[in-house]
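First up is the structure itself, then whatever we jot down about it.
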Amino acid sequence: MEMTACRRCGTPLTPTGPHAFQCANQHPIYANATPTVGVFFVTADNRVLLAVRGIEPHKGMLDSFGGFLDGDETFEAAASRELTEELALTPADYEPLRYLTSGAGQYPFKGEVLPVITVFFWTRLTTTAALTPRDDVAGIQSLPLCGLDLSLLHDQDIQLGIQALQRLFPS
C-alpha cells in the first residue's frame, strides 16, 4: 500500500518500519490490513458452495461469499449483510455462523494492492431457499470439499479458509 502524505496534516511521510510511517509533525500512521469477511456454506455431504466472481479483480474465479466491512461493523454483521447483498438470504435461511479461521491476502484495487485480513465463518443452509446470485456474484458452484483445487480460488486468504474447512471436515 502506497502512503505518501499524512492523513491528519498532509505533510510527507517517512517510513519508520515495514507498516509504519511518521510525518514531520510526529503523527504516527500505520498501513494496517483492511478487514474483510468470508462465509462458506457446507452441505451435509461435505460439499462447499462457492461464489463465482462477477467482477474484477479475478473475475470468474471462485471465492467465499463476503466482502469488506463497513465503518464500525462487526465481522458477524458484515457477514450477514454480505449474504443478504450477494444471495438475498436472511439469517433465518442459515444456521448461526461458526468462526473458522482468519487469513491474510492481497486484493488488487484501482492500481494498488491492498493487504486484507479475512475472518472466515462456515454455516449450513436451514431452508430450501433458492440462492440468488446478486451484487458481485456471477454464479454459485457446489464442489466436493475433499480434493478441491486451490488454484481455482482467487486469493491466498480464500485458500487458507478452504484448507481450514478441509481440516474441520476430513473425508
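The values are calculated or read from the model by the stated rules, or taken from the named source; none is laboratory data. Owing to the predicted nature of the structure, the values given are computational and were not obtained by experimental measurement. No Cβ is skipped: glycine too gets one built from the backbone with ideal geometry, and neighbour counts run over all protein chains shown.
Within this structure, L83 passes the test of being aliphatic (A, V, I, L, M), under 14 Å from the mean Cα position of the chain (by Cα), at pLDDT 95 or above and within 19 Å of T132 (Cβ to Cβ).
For (1) touching a Pro at 6+ places or on another chain (Cβ under 7 Å); (2) buried (at least 19 other Cβ atoms within 10 Å of the Cβ); (3) closer than 16 Å to V48 by Cα, each residue gets a yes or a no:
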site: I117; (1), (2), (3): yes, no, no
site: L131; (1), (2), (3): no, yes, yes
site: D136; (1), (2), (3): no, no, no
site: L143; (1), (2), (3): no, no, yes
site: D149; (1), (2), (3): no, no, yes
site: L153; (1), (2), (3): no, yes, yes
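If I filter the range 155-171 down to residues being free of Cβ contacts under 8 Å to residues at least 40 places away in the same chain and more than 29 Å from F109 (Cβ to Cβ), which single residue comes out as surrounded by the most Cβ atoms within 10 Å (Cβ to Cβ)? Among those that are free of Cβ contacts under 8 Å to residues at least 40 places away in the same chain and more than 29 Å from F109 (Cβ to Cβ), it is R167. Residues of the range 83-96 that are surrounded by fewer than 19 Cβ atoms within 10 Å (Cβ to Cβ) and at negative phi: T84, E85, T90, P91, A92, D93, E95, P96.
Looking at the range 3-12, is at least one residue part of a loop (DSSP other than H, G, I, E, B), in contact (Cβ under 8 Å) with a residue 24 or more places away in the chain, more than 28 Å from T128 (Cβ to Cβ) and not assigned by TED's automatic domain parsing to the domain that holds G161? Yes: the range 3-12 contains one or more residues that are part of a loop (DSSP other than H, G, I, E, B), in contact (Cβ under 8 Å) with a residue 24 or more places away in the chain, more than 28 Å from T128 (Cβ to Cβ) and not assigned by TED's automatic domain parsing to the domain that holds G161.
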